[in-house]
1. Ignoring ligands, DNA and RNA, what percent of the accessible area of region 225-267 is carbon or sulfur (1.4 Å)?
2. Where Rh denotes the Kirkwood radius from the mean inverse Cα pair distance, what is Rg over Rh for region 1-96?
3. Mind ordering 413-425, 111-123 by average Cβ neighbours within 10 Å, highest first?
4. Given +1 on the Cβ of Lys and Arg, -1 on the Cβ of Asp and Glu, and no further charges, what dipole in debye does region 213-263 carry about its Cα centre, rounded to the nearest 20?
5. Once you sort the root eigenvalues of the Cα gyration tensor of region 43-109 as a ≥ b ≥ c, which label holds: rounded (a/c under 1.5), prolate (a/b larger than b/c) or oblate (the other case)?
6. Where does region 151-274 land on Rg(C-alpha)/(2.2 N^0.38 Å)?
7. Along the charge dipole of region 40-172, which of G49, A115, Y90 sits closest to the positive end, that is, farthest toward it, with unit charges on the beta carbon of Lys, Arg, Asp and Glu (+1, +1, -1, -1)?
8. Using alpha carbons only, how many degrees (0 to 90, rounded to 10) separate the axis of helix 260-275 from the longest principal axis of the chain?
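The values are calculated or read from the model by the stated rules, or taken from the named source; none is laboratory data. Since the model is a prediction, treat every value here as computed from it, not as a measurement. Note that we place each Cβ from the backbone using ideal geometry, even for glycine, and neighbour counts take in every protein chain shown. For accessibility, only protein heavy atoms count, side chains too; no ligands or nucleic acids. Shrake-Rupley method; radii C 1.70, N 1.55, O 1.52, S 1.80 Å.
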Amino acid sequence: CGVVGIWNAQDAAALAALGLHALQHRGQEAAGIVTLAERGQFHSHKGRGLVGDNFGDAKVMAALPGRAAIAHNRYATTGESALRNVQPLYADFEFGGLAVAHNGNLVNAFQLKRALVRRGCLFQSTTDSEVFVHLIAISLYSTVLDRLIDALKQVQGAYSLVTLHEGALIGARDPLGVRPLVLGRLGGPESNSWVMASETCALDIVGAEFVRDIEPGEVVIADEKGLRSIRPFGKQPSRFCIFEYIYFARPDSVIEGTSVYNTRKRIGEELARESGVPADVVVPVPDSGVPAAMGYATEAGIPFELGIIRNHYVGRTFIEPTDQIRHLGVKLKHSANRTMIEGRRVILVDDSIVRGTTSKKIVEMVRQAGATEVHMRIAAPPTTHPCFYGIDTPDRDKLLAANNNIEEMARFIGADSLAFISLDGLYRALGHEGRDKRSPGYCDACFTGDYAIPLADLQEAPERA
Ligand code: 5GP
Ligand code: SF4
Ligand code: MG
């Protein structure tokens, strides 16, 4: 999911909508904006589908007045796709209204929810994010901030949050900083106008200046007095999601001072060094494979060509809800550019293999277009484990790499050869010497099974995953 928060700016809703639009890649299922107008009045609009479909209308925007807003793009990892699950979530408390937008996934939501329901809390949605609302509601602390921190201390999992109440915009990241969240400023270095967003590309679109990443375990409060920061958790080594660099984040975003685009190119370079193969052309699987393919081609000294053309009028294949549609989606999305492929030995570069359906279809398509050899190179290690921290990977039994070795995978996708970047190569691309087992510095559980946040619900009842 993508989140945006705006504090103290004219047309906050329009800025939030623009930010959401820049974060559209983080979720396409639904979008919502809650604004705070004068005298503590909240306004809300949510809908299924894209940001542009829901917030392109002047009447809708006019009904969202105020100088503060939070917003959310939904990418379902928990709960069905019903409208009641669309964020921001909003509730009225004894202290007034509070809106919450959450990116990530909690790993003890089931246990918390069970306890909350026993205490009489009535859940309105089926998302894990609603536990934040109830934990805040029943907290015995007197200020909203203390109640929020009280809630954060009870949840386990990955979260980047923005919340809005009458007095403040509050952003928070989980202690390991699994999901991203950045801070920006509008209107110059003296202003008290703030933007919080999942990625820097959302700051760029609204003309906000990047201030810094919100740190793992940090709670940042923007109110009329200015900006301040609290660290309710002791300092821990962070575990930012390495897959954000590989695939999820937008290439023009900068995370922890590192350009996503450059990282992807360096992954491609590493991949070429690790598993080069003689060929005539390097072809990316667009769009996600493009920067890695560029890096690969440069390092290998093989021409880079757009041998597959992407139709931009279909959403990301992976995020479509059913397997059947996902299947169909791949054909709708890519076609071979025969001129660049016929009679050539082709290296295909993609960011990751999950189920293997994309790769299988693309390899077949490239062969049909006359390639003499097809070599698949993947800018991620084999995805052997599901993500429980906010990326929607399927169950383990559907992950191609969980059930097959490289040779079997190559046979399944129909490639002459298949290679993945090594874990150490991936860490080298991020500027490290390799993966430090004791302190990797990133979450890489989907490639290693090293789940840094214990999977509380799963340990209690494995079938719940
Ligand atoms: P597959 O067809 O192997 O199941 O999926 C791999 C393709 O899905 C890659 O091209 C990758 O860019 C894309 N993809 C889209 N969303 C996701 C996601 O959330 N996780 C992963 N691992 N891949 C995704
Ligand atoms: Fe990211 Fe993978 Fe960790 Fe999930 S398991 S947070 S996708 S690195
Ligand atoms: Mg892709």
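1. Solvent-exposed carbon and sulfur of region 225-267 make up 53 percent of the total.
2. Rg/Rh: 0.96.
3. Descending mean neighbour count gives 413-425, 111-123.
4. About 180 debye.
5. Cα axes put region 43-109 in the oblate bin.
6. 1.14
7. Farthest along the dipole direction, towards plus: A115.
8. Orientation of helix 260-275: about 30 degrees from the principal axis.
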